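**Q** Structure provided below as structure tokens; questions to follow.
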Amino acid sequence: MDGGSVRASLIQLAVSDHEPPAERRARAAALVRAQDTSDLVILPELWPLGGFAYDAWSDGAEPLDGPTAEAMSAAAKAAGVWLHAGSIVERDPDGPIYNTSLLFAPDGELAHTYRKIHRFGFDSGEAVVMGAGQEIVAATTELGTLGLATCYDLRFPELFRALLDAGAELLVVPAAWPERRREHWTLLARARAVEEQAFVLACNTAGTHGGVEQAGHSIVVDPWGRVLAEAGSGEEVLTVDFDPAEVAKARVEFPVHRDRLLGIPAPVQRA
Ligand SMILES: O=C(O)CCC(=O)C(=O)O
């Protein structure tokens, strides 16, 4: 952090079916280590196995001290950054598998985890084979308070309102969002930034896996809904500098949250 400014790097990793997870893990770790001038580094959702590679999840699931966590902890420490390492398929020895995000501190400690609350897939995939997270996670760091959400969560404004109430200033959203609905991705990222008057740092996947082309277009939006940076479709590292103090300033300058109706009146029944 330099004079109030935070540098964030979003690693929009390409995920394909032909790259073995161990190779992708080594590649991701090298990319994280290279971001040693950043304060915060972010990877996408389920990048070790693939967000749509359902068949690989059961065998490839890993515990919170598994190979991905180990590699990411070492990479965060080597680069000296806060690392939101995207999410893994977490094997809970006492329960189902989960879509779990990992946040590492600059000393390599696993500071927070977040199990995705809204599972995507309706009657298939994640919605069927994974457990749902039950906890809202807002992580206090020297960069600001990070509100954690994952991919499909972006469609549920009530989660982001709860993150606001928990103090979130930077909303971090790793994703494996398909190209087919790319307009929704950028629109919802901006909507959440405007509603919560917060920065949104949304890191998507590139490439094609499990037969699903990914949208890329990772995006960083400021509390006024302005797009500070947006990636293209392929693999890239999107780096942006911003001042987290802009959140408090925006909330004072345009104090919309003051007008929240916490007890919305019941609908009027008409005969
Ligand atoms: O909501 C969408 O359109 C995509 C969500 C998704 O792909 C996911 O949550 O993994």
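**Q** Could you tell me which of Gly225, Ala139, Thr100 has its Cα farthest along the dipole of the chain towards the positive end, charges placed at Cβ (Lys, Arg +1; Asp, Glu -1), taken about the Cα centre?
**A** Ranked along the dipole, the leading option is Gly225.
**Q** For the range 1-156, taking Cα atoms only, what is the radius of gyration to one decimal and the Dmax to the nearest whole Å?
**A** Cα only, the range 1-156: 15.0, 49 Å (Rg, Dmax).
**Q** With charges set only on the Cβ (+1 for Lys and Arg, -1 for Asp and Glu), what does the dipole of the chain come to about its Cα centre, in debye to the nearest 20? Mind showing how you got there, number by number?
**A** Numbers: 23 positive and 39 negative charges, 159 e Å.
Its charge dipole is roughly 760 debye.
**Q** How would you rank Val41, Val129, going from fewest to most other Cβ atoms within 10 Å of each one's own Cβ?
**A** Values: Val41 29, Val129 15.
Listing Val41, Val129 from fewest to most nearby Cβ atoms yields Val129, Val41.
**Q** Kindly identify the range 133-191 as rounded, prolate or oblate by the Cα gyration tensor criterion: order the square roots of the eigenvalues as a ≥ b ≥ c, call it rounded if a/c is under 1.5, otherwise compare a/b with b/c, prolate if a/b is larger, else oblate. List each step's numbers first, then the result.
**A** Numbers: a/c = 2.08, a/b = 1.85, b/c = 1.12.
Prolate.
**Q** Quick check: Cα centre of the range 220-271 to Cα centre of the range 87-136, how many Å?
**A** 25 Å
**Q** Mind ordering 256-265, 186-195, 117-126, 24-33 by average Cβ neighbours within 10 Å, highest first?
**A** Working: 256-265: 7.5, 186-195: 20.3, 117-126: 16.4, 24-33: 18.2.
Answer by packing, highest mean first, reads 186-195, 24-33, 117-126, 256-265.
**Q** Now a separate question. Which whole-number percent of Cα pairs in the range 86-170 have a distance greater than 18 Å? It would help to have the intermediate numbers written out before the result.
**A** Working: 1572 of 3570 pairs.
Beyond 18 Å sits 44 percent of the P(r) for the range 86-170.
**Q** Further question: Exposure proxy check: Glu70, Glu169 ranked by fewest other beta carbons within 10 Å?
**A** Values: Glu70 14, Glu169 24.
Final ranking by Cβ density, sparse to dense: Glu70, Glu169.
**Q** How large are Rg and Dmax for the chain when calculated on the C-alpha trace, in angstrom?
**A** Final numbers for Rg and Dmax: 18.0, 67 Å.
**Q** Would you order Glu62, Glu230 from fewest to most other beta-carbon atoms within 10 Å of each residue's own beta-carbon? Kindly include the intermediate steps, with their values, before the conclusion.
**A** Details: Glu62 19, Glu230 16.
Fewest to most other Cβ atoms nearby, the residues stand as Glu230, Glu62.
**Q** Report the residue, chosen from Gly232, Gly211, Gly144, that carries the largest GNM mean-square fluctuation when the chain is represented by alpha-carbon nodes joined by springs under 10 Å.
**A** Ranking Gly232, Gly211, Gly144 by mean-square fluctuation puts Gly211 first.
Read-outs: derived from the displayed coordinates by stated rules, not from any lab. These numbers were taken from a predicted model, which means no experiment stands behind them. For neighbour counting, all protein chains shown are included, and Cβ atoms are generated from backbone atoms with ideal geometry for every residue, glycine included.
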